[in-house]
Amino acid sequence: MKLIQIVGARPQFIKYYPLSLAIARHNAASSNGIADILIHTGQHYDYAMSKVFFDEFGIKSPEYHLGVASGSHGAQTGTALQRIEEVIEKEHPDAVLVYGDTNSTLAGAIAASKLHVPVVHVEAGLRSFNKYMPEEINRILTDHVSTVLVCPSATAIKNLAAEGIAGNAANGGNIVPQGWFGNAAVNRPDKNSPMVVNVGDIMYDVLLHAVAIAGQRSKKIEELGLSAKNYCLLTVHRAENTDDPKQFAKIVKFVNEVSGGRTVIFPMHPRTVKMYSTSESRFADNVRIIEPLGYFDVLMVLQNASLALTDSGGMQKEAYWLKTPCVTLREQTEWVETVAEGWNVLYADFTGTHAPASNSGHAYGDGMAADRIVDVLANTL
Ligand code: UD1
């Protein structure tokens, strides 16, 4: 089969990596190979936001780089949509796979579904129930035009069912056993009768792989002169926190208070750099602003932190898996399991200390999501 995958923003390069490896494994073992064509929309374009991940993971250069870059939501999504459509019309793929909830995700989903190419959405079914978030709009719209909805959790399956996308979830909505679709007689999904499947979270695949080598590869702890469990890691980039000066001021105040003089390492996203350059709010001197980090570096800095303060979905889960307590700088989270297990707390609920004792580590599967996705691709589309 011919598969087009669409990436454009930082977390998507990370999620592509384990799937590209699983496709290579499949192709080595099967005569029914998957041709993997990669489109980079160019939504993220700074070295530290994009190419560093290709270099770190040894990801191939994309077959297509669409050079979309920054712009308003309409301009960014629209330009990506138009350029993705041209590639689909040229390549005639059997499916288009999109990840997550960015403008690149939505552009890919609309382009493919209007050309009647099945859309596979990885990280389907997540909801914050806050439609003021651009990501929530992107998720809802993408899910509703998808043919295969690949979910990371049972909660995601339930969220889709509540919106009428029941898609007779494979294995009753529980994580499917490895090789399930190769063995089971499955009806071919269609966008009018989509398939919903829980494979666990592909971010766990990446983490398990990377944590094993991050210790050797990354020298960030030494470079930054940090000692283990003696500092906090902060990340802030969500539009809801960085586009409104009042909200941004609230975050700055919270971080200054919570850190209480402890060192806070803050790799600052370009969106946040912009806001900080015009904001009157100032982080206290103990907050050290640095450039965005690569994946191996961020894992090491997170693993050694005593506390994570973040509005990133990926980092909430990484904190959970690495057993670094986490305070989420948002009003709600899609990753409700991390809160239910007591590992993660929303900042509105933070009472001054957050030192959870343990978590199961298994809220999002076993780190073998990519092979399950390949099983779906190879045997149902
Ligand atoms: C996007 C996603 C968000 C995801 C995040 C990961 C949407 C709506 N949002 O947010 O869900 O969590 O990526 O980082 O798609 N910029 C640079 N250099 C870059 C990239 C961005 O300077 O390499 C600046 C641009 O000025 C741009 C701004 O950052 O206008 C925001 O970038 P954009 O891609 O629009 O959204 P993100 O905030 O990164």
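The values are calculated or read from the model by the stated rules, or taken from the named source; none is laboratory data. Remember, it's a predicted structure, so these values are computed and weren't measured experimentally. Note: ideal-geometry Cβ built from the backbone for every residue, glycine included; neighbour counts use all protein chains shown.
Please specify each residue of the range 295-339 satisfying the condition of being among the small types (G, A, S) and buried (at least 19 other Cβ atoms within 10 Å of the Cβ). Result: A305, A308, S312, G313, G314, A319. Return yes or no: is Q5 in contact (Cβ under 8 Å) with a residue 40 or more places away in the chain, more than 12 Å from the ligand (Cβ to nearest atom) and not small (G, A, S)? Against the criterion (in contact (Cβ under 8 Å) with a residue 40 or more places away in the chain, more than 12 Å from the ligand (Cβ to nearest atom) and not small (G, A, S)), Q5 qualifies. As for the range 162-178, it holds at least one residue that is over 19 Å from M368 (Cα atoms) and in contact with a Lys or Arg (Cβ under 9 Å, 6 or more places away or on another chain). Taken together, the criteria exclude Y47 from residues that are within 28 Å of L293 (Cα to Cα), more than 11 Å from the ligand (Cβ to nearest atom) and aromatic (F, W, Y). Considered as a group, the residues in the range 52-65 that are without any contact (Cβ under 8 Å) to a residue 40 or more places away in the chain and surrounded by 12 or more Cβ atoms within 10 Å (Cβ to Cβ) include one that is farthest from the ligand (Cβ to nearest atom), and that residue is E63.
In the condition set (1) buried (at least 23 other Cβ atoms within 10 Å of the Cβ); (2) of a type outside the set (S, T, Y); (3) more than 16 Å from the ligand (Cβ to nearest atom), N103 is compliant with all but (3).
Looking at this structure, is A355 in contact with a Pro (Cβ under 8 Å, 6 or more places away or on another chain) and closer than 17 Å to D205 by Cα?
no
Take the residues in the range 23-32 that are free of Cβ contacts under 8 Å to residues at least 12 places away in the same chain and more than 15 Å from I373 (Cβ to Cβ); name whichever of them is surrounded by the fewest Cβ atoms within 10 Å (Cβ to Cβ). Checked the range 23-32; the qualifying residue surrounded by the fewest Cβ atoms within 10 Å (Cβ to Cβ) is S31.
Cβ-Cβ distances below 7 Å connect the following pairs, each with a first residue in the range 38-51 that is β-branched (V, I, T), a second residue that is within 8 Å of the ligand (Cβ to nearest atom), and a separation of six or more residues or different chains: T41/G8; T41/S104. For Y132, the conditions (1) surrounded by fewer than 16 Cβ atoms within 10 Å (Cβ to Cβ); (2) without any contact (Cβ under 8 Å) to a residue 60 or more places away in the chain all hold with the exception of (2). Would you confirm whether any residue within the range 352-375 is of a type in the set (A, V, I, L, M, F, W, C) and modelled with pLDDT under 95? Checking the range 352-375: at least one residue is of a type in the set (A, V, I, L, M, F, W, C) and modelled with pLDDT under 95.
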